[in-house]
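Input: a single structure, listed below in structure tokens.
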Amino acid sequence: MTRGFALISLWLVLWTPAASLAQESGDPEVAALRASFEYGKYAEVLDRAGTRVDRGGLNEDELVELHKLAGLAAFNLGRSEEASRHLRALLRLDPDFSLDPFVVPPPAVAFMESIKDDMTNELEFLRQERRLRQEREKAETERRERERLEAEVLRRRAEELAGQVTVRTVEKRNFLVNFVPFGAGQFQQGRNSLGIVFAATEGVLAVTSIISYFAYESLFEERPIELDNVLDEDGKASITIRYIPTNRERQRDTWQLLKLASAAGFYTIYALGVVDALYHHEDQVVRTSVETRDTPSSDAPRSESQLQLQPRAAAPRPTARLGLYPTSGGLGAGLTLSF
């Protein structure tokens, strides 16, 4: 009866679909043993499979295949003890392995299931150990991937740093500029917002003071006065006097007060600007910046001597300018701020 099932098994293996044959191992001896098993050379397969396993150098899939061939060959030869030994070794390698009932005869499948029942506890332990090993391998793979990504990031960062240079700019500041009005000291120190405040305030006060001065002077009138009993040839003399008419007294007081107040305010703000500039003065300032080196493109290679730093466009510095210009009725003043 066993021999009949062995022949059925032989024919089923001989007619295995091409998809299963595509999974053959790369080891030529394993492939040769599979072909010998298909031709029913069970004794040869059993002997050669054991010898090949003893030599080592096989991966897990090849060991599983050899133990399966040896176990089935021993079962077909009626050597239950050797069949059990090989099938138990197979299950220790793959606790979830099962024989294909469409390829392997039912007695061999039943024999395999009886062995699995006897090894239930051992197989459960092996499954847990296998899961733990797979988790460790997964964690190790993820760790290596993280290390690879970190190394790639470091490599790219190193390439970026290799294409950059550190530029240090030393700016020397003139001490006398701190005494220039209109926030010149603040502009020199790079405190442009405060410099604009000083420049605008002093400019408005200066213009107000100048306008008040000329407005006050325009109130004067000239009048000649003749003097009698003067020792000269004719006995007369005349002088010219400047005065402000009484009807312009209120205008005189207003323009005079505005002139004095604006002048006092100008000098007060100017003094505050000078004190502030002197307090924050530094003879020289060192600035550090990172510039990208102009590397040659792949289309137009350049020599090392052609490599140079890309110039950075200089930002316009705020400036203040006061100008006087003549008008039809006197003199005008204008303040210009650039920032």
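The values are calculated or read from the model by the stated rules, or taken from the named source; none is laboratory data. All values derive from a computational prediction rather than experimental measurement. Please note: Cβ atoms are built from the backbone with ideal geometry, for glycine as well, and neighbour counts cover all protein chains shown. Keep in mind that these areas ignore ligands, DNA and RNA; they rest on the heavy atoms of the full protein, side chains included. Shrake-Rupley method; radii C 1.70, N 1.55, O 1.52, S 1.80 Å.
For this structure, a couple of remarks:
- All of (1) surrounded by 12 or more Cβ atoms within 10 Å (Cβ to Cβ); (2) at pLDDT below 90 hold for Asp54 with one exception: (1).
- Of all residues in segment 114-170 being within 22 Å of Leu90 (Cα to Cα) and among the aliphatic types (A, V, I, L, M), the one that is most open to solvent (accessible area, probe 1.4 Å): Leu132
- Within segment 180-206, residues that are more than 21 Å from Gln284 (Cβ to Cβ) and assigned to a helix (DSSP H, G or I) have Cβ atoms under 8 Å from residues that are open to solvent by 50 Å² or more (accessible area, probe 1.4 Å) and modelled with pLDDT of 90 or more in these pairs: Phe198/Leu272; Glu202/Tyr270, counting only partners at least 6 apart in sequence or on another chain.
- Within segment 217-226, restricting attention to residues that are at pLDDT 80 or above and farther than 30 Å from Pro181 by Cα, the residue that is least open to solvent (accessible area, probe 1.4 Å) is Leu219.
- Top-ranked residue in segment 75-103 [being more than 23 Å from Glu122 (Cα to Cα) and of a type outside the set (Lys, Arg); ranked as most open to solvent (accessible area, probe 1.4 Å)]: Phe102
- Among the candidates Asn229, Asn247, the residue that is at pLDDT 75 or above and surrounded by fewer than 10 Cβ atoms within 10 Å (Cβ to Cβ) is uniquely Asn247.
- Scan of segment 197-216 for residues that are open to solvent by less than 60 Å² (accessible area, probe 1.4 Å) and either in contact with a Phe, Trp or Tyr (Cβ under 6 Å, 6 or more places away or on another chain) or closer than 19 Å to Gln256 by Cβ (or both), ordered by number: Ala199, Glu202, Leu205, Ala206, Val207, Thr208, Ser209, Ile210, Ser212, Ala215, Tyr216
- Selection count where residues are without any contact (Cβ under 8 Å) to a residue 40 or more places away in the chain and farther than 26 Å from Ala271 by Cβ, scope segment 154-178: 9
- Only one of Val64, Val30, Val13 that is under 21 Å from Val109 (Cβ atoms), at pLDDT 85 or above, open to solvent by less than 70 Å² (accessible area, probe 1.4 Å) and β-branched (Val, Ile, Thr): Val64
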